[in-house]
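The values are calculated or read from the model by the stated rules, or taken from the named source; none is laboratory data. As the structure is a computational prediction, the values presented were derived from the model and not from experiment. Glycine gets a Cβ as well: all are built from the backbone with ideal geometry, and neighbour counts include every protein chain shown. Only protein heavy atoms, including side chains, enter the accessible area calculation; ligands, DNA and RNA are left aside. Shrake-Rupley method; radii C 1.70, N 1.55, O 1.52, S 1.80 Å.
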Amino acid sequence: DRSIFRGKRYLPIGLVEAGRGCHLRCEFCAVQTVFERTQTRRPIDRILEELRALKDQKRIFFFVDDNITSNISQAKEFFRALIPLNIRWVSQASINAAHDEEFLDLLVRSGCQGVLIGFESLNPANLTAMDKTFNMAKGGFEKALANLRRHKIRVYGTFIFGYDGDTPESFKPTLEFAQHHGFYIAAFNHLTPFPGTPLYTRLEAEGRLLYQDWWLDDRYSYNRIPFQPRGMSPEALQRECLATRREFYSWRSIFRRSVDEVNRANGFMWRNFFGINAMHRGDVSLRDHYPLGDMAWRGTLLPAS
């Protein structure tokens, strides 16, 4: 669940439907696999109409778009249309957009309070294997984050561990990177081979899947590793992901990040910082080994194809 806000103050607004227009690729991405790397954006007028009807009832909106920056020109047009509404919003974005000054200016003027960015890995070899070399473009992470910080844009950073270049020593530098840059929140997840993705096909061909159909296997649960990593054992990958989350959401880390100049630049976001981080702190243990799906479900399951 990548939602930053829950409850009555937050409302998701869908921006994307299946269709044409998405060309970025990523080895592990299930979204691109399901929609065959296609995308159609909702008409701006429809989105604005929905926002106008709800803006007085909600404090902040989450635009449900896997990458709101996948079409920069359309995104800019959308942000310009948002400015008169005077709303707050968050969404998900690709880091390459952080090098476009006009985009960043419109992002802030349209009411953006933060973006989720998939950094994925600090290891260039891993990014190459993921087909995400664009993450390293135009000065890489440091330059992009400096641009975001200059515009006071908060970051929800996500990282993935388990690629062939990862070892138990990969976790500490990544944790320190997220803390140094004062990320509002962050996720430190293990790699998951979703069915149909190039990653799943590759690991299956290499004989590295520990569960043939992990999503249907009663033995599988949240945080369990469904494949054999090269640089560590499955148990070490699971343990280190959990330990990194616990340290990032320790009270010491939460306090230090709370006084970051970007995180406290807006009173609304600063007040919510503590509740959101406390929620994620609780989820670290609550979701460990949590079963997939709803255990109370008694309806008919669709047969696997």
Legend entry - Reported label for calculated semi-axes √(5λ) of the Cα gyration tensor in Å given (1) 30, 23, 21; (2) 74, 19, 16; (3) 27, 23, 20: (1)
Inset, instruction - Starting from the residue with the highest accessible area, list LYS132, LYS55 in decreasing order, probe 1.4 Å. - result: LYS55, LYS132
Inset, instruction - Scan around PHE227 for amide H atoms under 5 Å from its own, H built in the peptide plane at 1.01 Å from N, and keep only partners 5 or more places away or cross-chain. - result: LEU210
Legend entry - Karplus 3J(HN,Hα) series, Hz, for segment 149-164 with 6.51 cos²θ - 1.76 cosθ + 1.60 (x for Gly, Pro): 5, 4, 9, 6, 9, 6, 10, 9, x, 10, 10, 10, 10, x, 5, 4
Legend entry - Proximal lysines relative to LYS152, as straight alpha-carbon distance under 21 Å, when same-chain residues fewer than 8 apart are discounted: LYS76, LYS138, LYS143
Inset, instruction - Normalising by the residue count of segment 51-104, find the relative contact order in percent from Cα pairs under 8 Å and 6+ residues apart. - result: 46 percent
Inset, instruction - Find the relative contact order for segment 136-250 and round it to a whole percent, using C-alpha pairs within less than 8 Å whose residues are 6+ positions apart. - result: 32 percent
Legend entry - Karplus (6.51, -1.76, 1.60) ³J(HN,Hα), θ = phi - 60°, over segment 270-286, in Hz, Gly and Pro reported as x: 5, 4, 6, 3, 5, x, 5, 5, 5, 4, 5, 4, x, 5, 4, 8, 4
Inset, instruction - Would you pull out the residues with amide H under 5 Å of PHE161's amide H, same chain only if 5 or more places away, H placed 1.01 Å from N? - result: ASN189, HIS190, LEU191
Inset, instruction - With θ set to phi - 60°, apply the Karplus curve 6.51 cos²θ - 1.76 cosθ + 1.60 along segment 106-117 and write out the HN-Hα couplings as whole Hz, x wherever there is a Gly or Pro. - result: 5, 4, 5, 5, 7, x, 5, 9, x, 9, 8, 10
Legend entry - Listed residues THR174, THR40 arranged by accessible area, highest first, probe 1.4 Å: THR40, THR174
Inset, instruction - Can you tell me the relative contact order of the chain? Whole percent, Cα pairs under 8 Å, sequence separation 6 or more. - result: 15 percent
Legend entry - In segment 31-125, GluC sites (Glu not before Pro) in a DSSP loop with at most 14 other beta-carbon atoms within 10 Å: GLU36
Legend entry - Amide hydrogen neighbours beyond the local backbone of LEU116, cut-off 5 Å, H modeled: SER91, GLN92, ALA93, TYR156
Inset, instruction - May I ask you to order 180-190, 90-100, 255-265 by the average number of other C-beta atoms within 10 Å around their residues, highest value first? - result: 90-100, 180-190, 255-265
